[in-house]
Amino acid sequence: MLNQKKSKCILKYLGLEKIDNDINTVSIYAIKSVLTKKDPKAPEKLKTDLTNLKKEKINLLKKYGKTEADLAPHFECPKCQDTGYIKSENGFVLCTCIKQKLYNIQYNNSNIYDLENQNFSKFNINYYSDTPDVEKYNSKLSPRENILKIRKLCDKFIENFDDPTENNLLFCGNSGLGKTFISSCIANELIKKGKTVLYQTAPVMLDNIIDYKFGKTNNNIVSTINSVDLLIIDDLGTETKNNLKITELFNIINSRLLNQNNTITKTIISTNLSLQELYNNYDERILSRIIGNYEACYFFGDDIRIKKKMSVV
């Protein structure tokens, strides 16, 4: 990236290539003179030459209305500077940006998770009515006031993600109210912060876990689920239920809560079920973990998908 930017500038601004070459040459001579110690006065003279050449370069760039910052590289991932690896106490380890790309290829894309196009810049409160309806929504808040309240909770969740005392999120409400969209927005913000995100619908996730445990696949999704920074479980309640799946669901929720003692891992669960319906469908162990460690966000209002279709017609 840096070389491409330099090449474009060199082609456009005459004289820049010569100055860069002269700076490289003087820098090499300066290093050699220090190592060989043949001429004690050489380092000082070369230092002066180098300073003059750099001033000449700055003046040339000013002539064309540019600065040295215009030649600076722009990295997609400032954490690893697009190398894919970062230095740790035990050597070099895979950067989170590469891990995220692998998660997207292996899991997120296959679940049709539209990470790129769902972000807070496209969050539109006009899809939510500003008229309260206690009888219809069982709340004194209007759908718009409610979604703005949820948005604040999401901002707090993102800001305090590394705080082990910050609760996970439970999104409840009918389909078409923005639960998956808001989840995507949070995912995007955390990826920008260098966090890894795994999105799974409950049916696909539980089927994949059981397939792995029964040797039907070599894809160890359990390890990824337990270690990823943010796990998003969408459509909880739409999976076919049996004791094995309920046990695996409890293991996931419980394991990720335990991980918070050493590594900060958070979870967002999205469901069309109410808390009462969750209680009726899952055992008490799961509900106690959710109630004690999740911030419940209740989505209500008119179906946004229908509103969008009506606005097109």
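For the structure I just gave you, tell me whether residue 277 is under 20 Å from residue 171 (Cα atoms) and touching a residue at least 40 places away in the same chain (Cβ under 8 Å).
Here the answer is yes, as residue 277 does meet what is asked.
Only one of 244, 278, 249 is of a type outside the set (Ser, Thr, Tyr), open to solvent by less than 20 Å² (accessible area, probe 1.4 Å), closer than 17 Å to residue 210 by Cβ and not in a loop (DSSP other than H, G, I, E, B); which?
249
If we keep just the residues of the stretch 32-68 that are among the hydroxyl-bearing types (Ser, Thr, Tyr) and open to solvent by 60 Å² or more (accessible area, probe 1.4 Å), which is modelled with the lowest pLDDT?
Per the criteria, the residue is 36.
Could you tell me how many of the residues in the stretch 230-250 are touching a residue at least 40 places away in the same chain (Cβ under 8 Å) and within 19 Å of the chain's Cα centre (by Cα)?
3
Inside the stretch 213-222, can you point out the residues that are open to solvent by 10 Å² or more (accessible area, probe 1.4 Å) and under 24 Å from the mean Cα position of the chain (by Cα)?
219, 220, 222
Report whether or not residue 136 is surrounded by fewer than 16 Cβ atoms within 10 Å (Cβ to Cβ), closer than 19 Å to residue 272 by Cα, modelled with pLDDT under 95 and not small (Gly, Ala, Ser).
Taking the combined requirement at face value, the residue satisfies it.
Looking at the stretch 196-212, is at least one residue within 17 Å of residue 291 (Cβ to Cβ), open to solvent by 10 Å² or more (accessible area, probe 1.4 Å) and modelled with pLDDT of 90 or more?
Checking the stretch 196-212: not a single residue is within 17 Å of residue 291 (Cβ to Cβ), open to solvent by 10 Å² or more (accessible area, probe 1.4 Å) and modelled with pLDDT of 90 or more.
The values are calculated or read from the model by the stated rules, or taken from the named source; none is laboratory data. These numbers were taken from a predicted model, which means no experiment stands behind them. Cβ coordinates were reconstructed from backbone atoms using ideal geometry, including for glycine residues, and neighbour counts include every protein chain displayed. Side chains are part of the model used for accessible areas, which takes the heavy atoms of the whole protein and leaves out ligands, DNA and RNA. Shrake-Rupley method; radii C 1.70, N 1.55, O 1.52, S 1.80 Å.
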